[in-house]
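Beneath this line is the structure, given in structure tokens, with notes to follow.
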Amino acid sequence: MSEHAATTLPSGRRAIKAVIPAAGLATRFLPATKAVPKELLPVVDRPVLQYIVEEAAAAGITDVLLITGRGKTSMVDHFDRQPYLESRLEEKGDKERLAAVRKPSQLADIYTCRQHEPLGLGHAVGCAEAHVGDEPFAVLLGDEFVDLADPLLPAMLDLQARTGGIVLSFMEVAPEETKRYGIASVIDPEPEVADIGEVVRVTGLVEKPSQEDAPSNLAVLGRYVLPGAIFQAIKSTGPGSGGEIQLTDAMAMLLDQGTPVHGIVYRGTRYDTGMPLGYLQAVVQIASQREDLGEAFTSWLRNFVGTRT
Ligand code: G1P
């Protein structure tokens with residue numbers, strides 16, 4: 001039996017821990033992110049990171065580990081209680097704001113761990129080993145989230161509990177976009193897992209290939225459910241694309257060793273707040289869906305766009 005076999009057996013139970021790598025330098029968003037972590041940029045009135053933790057909590061995740069870096073500790077404060085602020089709101093009888101201020105601290109148990117050097121996504125996930133142990137766990141990248149009304153994580157967690165392997169999610173991208181993502185080659189899945197959604201079986205993974213080298217247009221979205229065996233694979237993974245230790249390369253290693261890898265094709269809305277354009281699109285889409293300001297905002301927006309065309 002290989003050293004990984006024991007840790008990739010189906011557990012029949014959904015993972016309950018999640019890791020959010022949020023240690024990056026966010027160079028694509030400078031200078032805004034010089035002193036403010038990109039994960040705390042607001043989308044309307046909640047920071048990006050809160051949407052992500054809400055997505056995890058809604059899928060049954062109860063334990064969240066934030067991988068942080070230097071200058072990013074304010075992220076943790078957002079999920080703490082704020083007794084002074086809370087008592088002021090209580091005195092004023094402002095129940096709505098009080099509930100909004102308390103909500104982040106009620107979503108899940110939040111833990112943190114430092115990635116001492118920005119050596120890549122694979123390395124950041126590797127920092128979670130002591131907290132996660134040998135259990136399967138979810139990874140949610142800290143600058144993207146999906147529409148809560150069209151969730152993705154529950155089906156991924158169900159699928160991983162059945163296979164014991166790696167579960168990814170994919171979105172279709174234009175050929176010229178493959179160089180921004182991990183790209184998979186896939187085949188039809190086994191009949192036993194085909195009922196969970198639009199499931200594919202992964203036969204190969206490559207990080208940020210050029211249009212010519214891309215094996216498909218299926219891009220890895222920032223949601224993963226991984227077995228504990230990934231930690232050993234990360235330790236054996238050298239620098240890859242961009243000189244960084246890539247999670248994609250560690251997953252490709254497990255795939256080569258026989259770990260089952262599946263993906264669910266996601267056709268809902270994914271918000272990518274890691275860059276100014278995607279961030280603006282997320283703010284506009286979410287603001288226009290909000291019950292309290294959607295109507296006023298879209299009516300202003302229609303007018304504004306009308307005057308620009
Ligand atoms: C990371 C992963 C990549 C994945 C992408 C999704 O890339 O390395 O495989 O497709 O997230 O957003 P990054 O955006 O950190 O460059």
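The values are calculated or read from the model by the stated rules, or taken from the named source; none is laboratory data. Note that the structure is predicted; figures quoted are calculated from it, not measured. Quick reminder, even Gly has a Cβ in these numbers, built from the backbone with ideal geometry, and neighbours come from all protein chains shown. Calculation scope for accessible area: heavy atoms of the full protein, side chains included, ligands and nucleic acids excluded. Shrake-Rupley method; radii C 1.70, N 1.55, O 1.52, S 1.80 Å.
Quick look at the values:
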| quantity | calculated |
| --- | --- |
| Equivalent-ellipsoid semi-axes of the chain, from the Cα gyration tensor, Å, largest first | 33, 23, 20 |
| Full-stretch length increase - D45, R267 - with 0.36 nm per residue and alpha-carbon distance subtracted | 77.3 nm |
| Solvent-accessible area per residue for region 170-307 (1.4 angstrom probe, square angstrom) | 48 Å² |
| Net dipole in debye of the chain [+1 Lys, Arg Cβ; -1 Asp, Glu Cβ; about Cα centre; nearest 20] | 840 debye |
| HN-Hα J in Hz across region 218-223 - Karplus 6.51, -1.76, 1.60, θ = phi - 60°, x for Gly and Pro | 8, 9, 6, 8, x, 9 |
| Max mean-square fluctuation residue, GNM over the chain, Cα-Cα springs under 10 Å, options V225, V76, V48 | V76 |
| Heavy atoms of E172 accessible to a 1.4 Å probe, total area in Å² rounded to 10 | 100 Å² |
| Solvent-accessible ranking of L277, L121, largest area first, probe 1.4 Å | L277, L121 |
| Cα lying deepest toward the dipole's positive end in region 150-241, options A233, L157, I196, charges on Cβ | A233 |
| Rough spin-label spacing in nm, given labels placed 7 Å along Cα→Cβ, for Q285 and D188 | 3.1 nm |
| Area accessible to solvent at R14, 1.4 Å probe radius, in Å² | 90 Å² |
| Percent accessible area from carbon and sulfur atoms, region 169-309, protein chains only, probe 1.4 Å | 52 percent |
| Contact order relative to length of the chain, as percent, for alpha carbon pairs under 8 angstrom and 6 or more apart | 23 percent |
| For K179, solvent-accessible area (1.4 Å; no DNA, RNA or ligand), Å² | 120 Å² |
| Accessible heavy-atom area order of T309, T203, highest first, probe of 1.4 Å | T309, T203 |
| Pairwise Lys count, the chain - Cα closer than 15 Å, eight or more residues apart or different chains | 4 |
| Whole-Å distance, taken between Cα centres, linking region 210-281 and region 50-71 | 19 Å |
| Candidate residues E176, E244: accessible-area rank, largest first, probe 1.4 Å | E176, E244 |
| Surface share of carbon and sulfur [accessible, 1.4 angstrom probe, percent] for region 1-83 | 56 percent |
| Centroid-to-centroid separation of region 108-164 and region 169-191 [C-alpha atoms, Å] | 20 Å |
| Accessible area in square angstrom per residue, region 41-169, 1.4 angstrom probe | 44 Å² |
